[in-house]
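The values are calculated or read from the model by the stated rules, or taken from the named source; none is laboratory data. Predicted, not measured: the structure shown is a model, and the values here were computed from it. Cβ placement follows ideal geometry from the backbone for every residue including glycine, while neighbour counts extend to all protein chains displayed.
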Amino acid sequence: MSDVDLTVAMAYYEHVADLASGRVRVPGASLRWLELPVEEIFHRFIEFREWHVSEMSLGKYVSVIAAGDDSMVGLPVFPSRVFRHSAIYVRAGEVTEPAQLRGKRIGVPEWAQTAAVYGRALLEHEWGVPLTDVAWYQAGVNQAGRAEHAEPHLPPGVRLTAVPGRSLNEMLLDGGIDAVLSARPPDSFTAGDPRVSRLLAGHVRAEEEYAARTGIVPIMHVVVVRRDVVDQYPWLPGNLMTGFAEARARSVARLAAGPAGPGSPVPLLWADDALARTRAAFGGEPWPYGVAANRATLDAFTRWAREQGVTRRRVEVDELFRASVVRTYRV
C-alpha cells in the first residue's frame, strides 16, 4: 500500500524542522511541505482549504467549532506559544501602565486574533480595564485593508470600529489611537522609532510570574487536518501526532545537549538559561502537546473567547479534539 500524499502548510519552527525535512517520518504518509507566513496560511486555508494539513490560529479554530463547522479536525499540537504581556504598543511616555488604558483607543488587527484574546483577558482580568471602557478599532497592523475572518459577536457595551483605509501603525503615530494590541509589532517599533514603545518594559518577569501563578502558557496556533482527509484515513491524525511529538522531542534534546557540549544548536547566547526558564514556565517538560498537559490554558482561552464575543457560545475543551487522538497519544 502506497503512502498517502499530503501537503502541509506551516511557518518555520525548530521543533517541527525534523518533520519538515523528512528526518522524522509520519507512518503511512508522504509530506509535501509549504513554508509560508502564518497570515497567508490562515487566509488561504480558511478561504479555500488549499492543503490537507495546516497550521491554524487557535482563535479562528475555536470560532469555527463554535459555529458548528466540522470541516477542520484539530490535533493537540501547538507549534506557537507566546505570552502577550509584550503585545501592547503605545506612544512612548504617554501611557506608562496598564490601568491608564481605561478610556483609551486601542487597535487590533482582528477581533478574533488569538493574541488579542489573550491581551484583552490581561486587560480585564489582570489589570482591571473592562473591555467596555475602551474604544476598539480594527485595521491591518502595517497595511490597510485587513478584514475580519470570523464575525465577532460583541458583548453589550463593547465598541469596535473597522478602519479599512488605514493601518494601526499610522494611527498610533498620528494619534488616531493610543495603543496597538497585536501579535505582529507595528513597523515603527520594529524600526526602533523612539516615539513607540512596549507598554510593559519588564514583560518577561511579569510573564514568568503569571505562568507560575495561573498555570497558563498561551497557545497561539494549533494544527488542523481537513475533515474529508480524516474521513478517508481515520488513522492519520494519530500518526501525525506521533510525528510531531518525535520532532519536538528531538528539538528539545538538541537544545538541552547543546550548551553543555562544544557548541549551541541555535545562534543564541545563554540558550541553556532560556531552556531552564521555559521548563519552569511549563512546570516540567517544555512545549508539551496533548490535551491533559494544556487543559488550563485551553480552558481559559475558550472561556475568554466566549466572554469577548469571539464565539457565540462557550466551547468546551473536549470539543476541540477527537477522543481517539486524545486517548491514544503516547510517546
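Details
- Close pairs (7 angstrom Cβ cut-off, 6 or more residues apart or separate chains): under 17 Å from residue 82 (Cα atoms) in region 279-294, among the aliphatic types (A, V, I, L, M) and assigned to a loop (DSSP other than H, G, I, E, B) anywhere: 281/217; 282/217; 289/77; 294/219
- Within the option set 30, 21, 71, being touching a Leu at 6+ places or on another chain (Cβ under 8 Å), surrounded by fewer than 18 Cβ atoms within 10 Å (Cβ to Cβ), of a type in the set (Gly, Ala, Ser) and not assigned by TED's automatic domain parsing to the domain that holds residue 205 holds for one residue only, 30.
- There is no residue in region 203-222 that is among the polar types (S, T, N, Q) and crowded, with 18+ Cβ neighbours inside 10 Å.
- Restricting attention to region 126-157, the residues that are in contact (Cβ under 8 Å) with a residue 40 or more places away in the chain and within 24 Å of residue 96 (Cα to Cα) total 5.
- For residue 285, the stated conditions hold: it is at pLDDT below 95 and under 20 Å from the mean Cα position of the chain (by Cα).
- Residue in region 155-166 that is closer than 18 Å to residue 85 by Cβ, out of contact with any Phe, Trp or Tyr (no Cβ under 8 Å at 6 or more places or on another chain) and among the charged types (D, E, K, R) present: no
- Hits in region 230-287 (condition: touching a Phe, Trp or Tyr at 6+ places or on another chain (Cβ under 6 Å) and farther than 30 Å from residue 206 by Cα): 241
- Unique residue being within 18 Å of the chain's Cα centre (by Cα) and part of a strand (DSSP E or B) when the list is 59, 74: 74
- Annotation: of all residues in region 115-130 being in a helix (DSSP H, G or I) and either touching a Cys at 6+ places or on another chain (Cβ under 6 Å) or of a type in the set (Gly, Ala, Ser) (or both), the one that is surrounded by the fewest Cβ atoms within 10 Å (Cβ to Cβ) is 121.
- Which listed residue is in contact (Cβ under 8 Å) with a residue 60 or more places away in the chain, closer than 22 Å to residue 310 by Cα and outside the structural domain of residue 242 (by TED's automatic domain parsing), from 65, 106, 46: 106
- In the set 142, 169, only one residue is in contact with an Asp or Glu (Cβ under 6 Å, 6 or more places away or on another chain), outside any loop (DSSP other than H, G, I, E, B) and farther than 21 Å from residue 308 by Cα; that residue is 169.
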